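The values are calculated or read from the model by the stated rules, or taken from the named source; none is laboratory data. What you see is a predicted model, and the numbers here were worked out from it, not measured in a lab. Counting neighbours? That spans all protein chains shown, and the Cβs are built from the backbone with ideal geometry, glycine included.
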Amino acid sequence: MYHSRKRKFYYLSPRSRKNMGSLSLSKAIEGFILACDGRGLSTHTVDDYKNTFRKFIAHVGDVPIDSIVGAQVSAFLAAQSKRIGKKTMLNYHIGLSALWTWAVREGYARDHILHNVERPKPKQIAIQPFTDIEIRALMHSIQHSPERNRALILLLLDTGARASEICNLKRSEIDLVKRNIKVTGKGDKERLLPFSARTGSALFNHLAHEDGEPFKMNRTGLSQYLRRLGKRAGVPDTHPHRFRHTAAITMLRCGMDIYSLQEILGHSTLDMVKRYLAIAQIDIESAHRRASPVENWKL
C-alpha cells in the first residue's frame with residue numbers, strides 16, 4: 001500500500017498497517033521523543049517539542065494519532081495565537097510537523113496532516129544593533145561578578161554566539177592559546193568561534209577566579225541579567241540576540257565576507273546574513289554620502 005503526499009511516497013508494511021488507529025497520541029509522542037534522543041538532538045530542541053506536545057494533547061485529548069485531522073491542528077494554533085507570538089506558533093507547527101513525519105514514516109498515521117496546515121509567518125523584527133556608546137554604558141554598569149560579566153559581554157559581542165551556546169559552554173571548550181571556543185549549535189553541529197586578544201584577557205581573568213564551568217546560567221537567567229543591566233545602563237532592548245546582531249553587522253562593516261560570517265553564525269543558508277548585509281550596506285552608503293570628496297568639495 002502506498003500513500004502519496006506532495007510527491008513523497010511512503011510504503012506501509014503489514015505490521016505498520018496494523019498500527020493504524022491503535023496508537024494513542026501520548027504513545028506516539030513517547031516513541032517520537034525516543035527517536036529524537038536516538039538521533040542526538042539537543043536538549044533544548046527536545047524540550048521545545050515536549051512543551052508543544054503537552055499543550056497540543058491538552059487541546060485535542062489523548063486520542064488515536066491517526067484520528068486527528070488538520071482542522072484540529074489549525075484550531076489549536078488559533079487558540080494559542082491569543083497568548084503567544086507568531087514565532088512561537090511557528091515553532092509549534094515545526095514540532096507537530098516533525099511528529100507527523102515520524103508517525104507516517106513508522107506507519108502510525110496515514111496522512112501528514114501538517115502539510116495542509118498553513119505555517120505561521122512570524123513578523124520580521126527590525127534589527128537594531130548596539131552602538132559602541134551603548135556597549136560602553138553596559139560595561140560601566142556592571143556591579144556584581146565583574147570578571148565574569150565583563151567576559152560574558154565581550155564573548156557574546158566578539159563571537160556572535162547564540163545565548164544557548166554561551167550558556168552551555170564548557171571550560172574544556174575554551175582555548176585561550178588559539179583564542180577560540182567550540183560551541184554546539186542547531187542540528188547538533190559543532191563549530192569553532194575565534195575571539196580577540198582583549199576578550200581572551202577578560203576570559204583569563206574570569207577563569208582564574210572560577211573553578212567550575214565558565215557561565216553557570218541558562219538562557220532565561222542570561223536574558224534576565226542582561227535586561228537588568230540594560231535598565232541600569234539606560235540601554236533599551238538589551239537581550240542576548242542583540243549582541244549577535246551587533247557582532248554580525250559590525251563584522252560586515254569591517255570587511256568580513258558573507259560566507260565567513262555564515263560559518264561563524266552557524267546559519268544553514270545565507271538568508272539571515274543577507275539581512276545583515278543590507279543593513280551594513282545602508283550604513284556604508286550613508287557614510288559615503290557624508291564623506292564624499294566630490295560632494296564636500298563641490299567639484
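Side notes on the structure shown:
Table: residues versus (1) small (Gly, Ala, Ser); (2) surrounded by 14 or more Cβ atoms within 10 Å (Cβ to Cβ); (3) outside the structural domain of Arg191 (by TED's automatic domain parsing).
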residue: Asp211; (1), (2), (3): no, no, no
residue: Tyr225; (1), (2), (3): no, yes, no
residue: Leu229; (1), (2), (3): no, yes, no
residue: Val235; (1), (2), (3): no, yes, no
residue: Asp257; (1), (2), (3): no, no, no
residue: Gly266; (1), (2), (3): yes, yes, no
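- Listed here are the helices (runs of 4 or more DSSP H) enclosed by the stretch 181-299 that have at least 2 residues being modelled with pLDDT of 90 or more, closer than 16 Å to Ile166 by Cα and of a type outside the set (Lys, Arg): 197-207, 219-233, 240-253.
- Test: residue in the stretch 106-122 that is surrounded by 16 or more Cβ atoms within 10 Å (Cβ to Cβ), of a type in the set (D, E, K, R) and outside any helix (DSSP H, G or I): yes
- When we screen Ala126, Ala161 for residues that are without any contact (Cβ under 8 Å) to a residue 24 or more places away in the chain, within 21 Å of Pro240 (Cα to Cα) and not in a helix (DSSP H, G or I), the only hit is Ala126.
To keep it simple, each residue is scored yes or no on (1) in the same structural domain as Gly221 (by TED's automatic domain parsing); (2) in contact with a Pro (Cβ under 7 Å, 6 or more places away or on another chain).
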| site | (1), (2) |
| --- | --- |
| Ile84 | no, no |
| Met89 | no, yes |
| Trp102 | no, no |
| Lys121 | no, no |
| Arg136 | yes, no |
| Leu157 | yes, no |
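- Those residues of the stretch 81-90 which are outside any loop (DSSP other than H, G, I, E, B), surrounded by fewer than 18 Cβ atoms within 10 Å (Cβ to Cβ) and in contact (Cβ under 8 Å) with a residue 12 or more places away in the chain, in sequence order: Lys86, Lys87, Leu90
- Qualifying residue in the stretch 14-24 (condition: modelled with pLDDT of 85 or more, part of a strand (DSSP E or B) and assigned by TED's automatic domain parsing to the domain that holds Arg110): yes
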